[in-house]
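Data block below; observations after.
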Amino acid sequence: MNYIDLDHSIIYIFLLVTFLIGLFAGKNSKTIEEYTIAHKMYGLIPLVATYLATDIGAGSILSDASAVFNKGIIVNISIASLPIAYIIRAVFIVPKMVYFDKYLTFAEIMGIYGRFARIISGVLSILNSIIHTSIQLTAIGIII
């Protein structure tokens, strides 16, 4: 397999530009907290867009389309229930998150229950990220 063709070069350039933007944008940050929350300068629209971009990815779009193709239009009922799940999260879960404003990660929140809970949550979060990244890369490979 040739790793220096045009397609790979475009991806390499994109990753390099993204890395450089992150490097220069975070240069004034002194701690990881300042870097991750960006000095609390984002408003509602960028935060909602970030959440939706994180939650709705190529894996969910492709799997939903293939499920409708394989099982029929009845699958759209379950897909249409997603906005209801978002509303439930917004009404019941998000207001309780103010109690955890000093924590940055899920593992830190679980650290309330002990060091073992924090470690397990961190490891599972890393595995979750690896799986989601693999799904995105698979979807990109299928599309390309």
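The values are calculated or read from the model by the stated rules, or taken from the named source; none is laboratory data. Being a predicted model, the structure only gives us computed values, none of them experimental. Cβ placement follows ideal geometry from the backbone for every residue including glycine, while neighbour counts extend to all protein chains displayed.
Data overview
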{"quantity": "Odd one out for I21 among (1) under 22 Å from the mean Cα position of the chain (by Cα); (2) assigned by TED's automatic domain parsing to the domain that holds G122; (3) surrounded by 10 or more Cβ atoms within 10 Å (Cβ to Cβ); (4) part of a helix (DSSP H, G or I)", "calculated": "(2)"}
{"quantity": "Scan of the stretch 25-45 for residues that are part of a helix (DSSP H, G or I), modelled with pLDDT under 85 and not small (G, A, S), ordered by number", "calculated": "I32, E33, E34, Y35, T36, I37, H39, K40, L44"}
{"quantity": "Of the criteria (1) within 22 Å of I144 (Cα to Cα); (2) hydrophobic (A, V, I, L, M, F, W, C); (3) loosely packed, with under 12 Cβ neighbours inside 10 Å; (4) in the same structural domain as T138 (by TED's automatic domain parsing), which one I112 fails", "calculated": "(1)"}
{"quantity": "One residue from I84, I73, I120, I140 being among the β-branched types (V, I, T) and either under 16 Å from the mean Cα position of the chain (by Cα) or closer than 30 Å to H8 by Cα (or both)", "calculated": "I140"}
{"quantity": "Test: T50 is part of a helix (DSSP H, G or I) and either touching a residue at least 12 places away in the same chain (Cβ under 8 Å) or surrounded by 10 or more Cβ atoms within 10 Å (Cβ to Cβ) (or both)", "calculated": "yes"}
{"quantity": "Wholly within the stretch 68-144, helices (runs of 4 or more DSSP H) carrying at least 2 residues that are farther than 19 Å from T54 by Cα", "calculated": "75-80, 106-110, 115-143"}
